Amino acid sequence: MNWIILVLIAAFLWSVMAIIQKFVRVSYFENSLGYIIFLAPTALFILPLLFFQEFTLLDPIRSILGILTGILLVLGYYCYIEAMHKEEVSRVIILNIGISPIFVLILSILFLNEILTLKQYIAFALILAGSILISFKRFEENLRLTPGALLALLAGFFFAVQAILLKYLSSINLATIMVYREAGYILSILLVFALSPKARKFTKKVIKDMSLKKTAIVYGAECIGIGGMFLYYLAVQRGPVSLVSVVEGSETIFIFILTIIMSIFLPKILKEEINKKTITIKIISIILTIVGLYLIST
């Protein structure tokens, strides 16, 4: 399957996950740290892969890099979830998806020697412009970045470094790299849990408050996200990581459509601003993103 198709499917899955994450973070969890720790058992969801692919023990350097991808995932995920709590989901998604490819572009040039054309650089500029535009609450706020936007930027950086490492390790089969990544994830969670009394307090409260239905919804969203991650890694194996990262920006289109539909028909689950001014800003941002994606794909 073409790597572009893989990324598009992954982007759609991640947009669905983002909608559910926004709902559960606001409705079920008092803080993002408790949410991240509660998700730790989802690392076991990758075990069925071992029935289809053989796990390979890596050399020390590649083992460390594989584990580091999991640590970066935790850091990025925490910033991302906290941004989702503080900001509208569509703004966070568009900013994160728009900025992360810029980081990937720079890092891929520096460390992977990926060379792009002038047209592709123009595409990146358009995507960046759309991302910056959507990150502002209102123009009358003196173009001040919101806390949620800043967290989304930081999450984008962590995810970009992870993408570069995944590309560097792309000769490794999916099962092996996922095992190492999830090992890094679990090690990070255990370290936070051991060193932070607040983390232990949050975890106890979350376990006490979460019902079976709520747990199923949270873990169901993570299953969708992991499915997207599988497809994304396969795309990274087959295509230039800088272009894969940019095509991932199609998630903004999916998230825009889903948030508008839910704001109209299911406002109790997800309600975002849908006034004329807000819609206009989002449409302009998405048009810039689409034009950038088109330039890259042609």
Checklist entry - Each label point is 7 Å from the Cα along the Cα-to-Cβ direction; what then is the distance between the points at residue 260 and residue 31, in nm? => result 3.8 nm
Next on the checklist: Apply the a/c threshold of 1.5 to the C-alpha gyration tensor of segment 158-238 and tell me whether it is rounded, prolate or oblate.
Outcome noted: oblate
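For 62, 181, 200, which order do you get if you count the other beta carbons within 10 Å of each Cβ and list the fewest first?
Details: 62 19, 181 26, 200 14.
Ordered from fewest to most neighbouring Cβ atoms within 10 Å, 62, 181, 200 come out as 200, 62, 181.
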Checklist entry - Considering the dipole of the chain built from charges on the beta carbon (Lys and Arg +1, Asp and Glu -1) around the Cα centre, which of 226, 265, 239 is farthest to its positive end? => result 265
Next on the checklist: Given Cβ point charges of +1 (Lys, Arg) and -1 (Asp, Glu) and nothing else, what value in debye, to the nearest 20, does the dipole of segment 3-297 about its Cα centre take?
Outcome noted: 780 debye
Checklist entry - Gain in length, residue 49 to residue 213, computed as 0.36 nm per residue apart minus the alpha-carbon separation, to one decimal in nm? => result 56.4 nm
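Which FRET efficiency, nearest 0.05, do residue 201 and residue 150 yield, Cβ-Cβ r, R0 30 Å?
On the way: r = 27 Å, r/R0 = 0.88.
Efficiency, from the Cβ-Cβ distance: 0.70.
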Checklist outcome for this item: Filtering the chain for DSSP H helices with an axial alpha carbon extent of at least 15 Å and a Kyte-Doolittle mean of at least -1.0 returns 3-28, 60-86, 89-107, 118-134, 147-168, 174-195, 212-238, 251-265, 276-297
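Read-outs: derived from the displayed coordinates by stated rules, not from any lab. None of the values given here were measured: they were computed from a predicted structure. Glycine also receives a Cβ, built like all others from the backbone with ideal geometry; neighbour counts cover every protein chain displayed.
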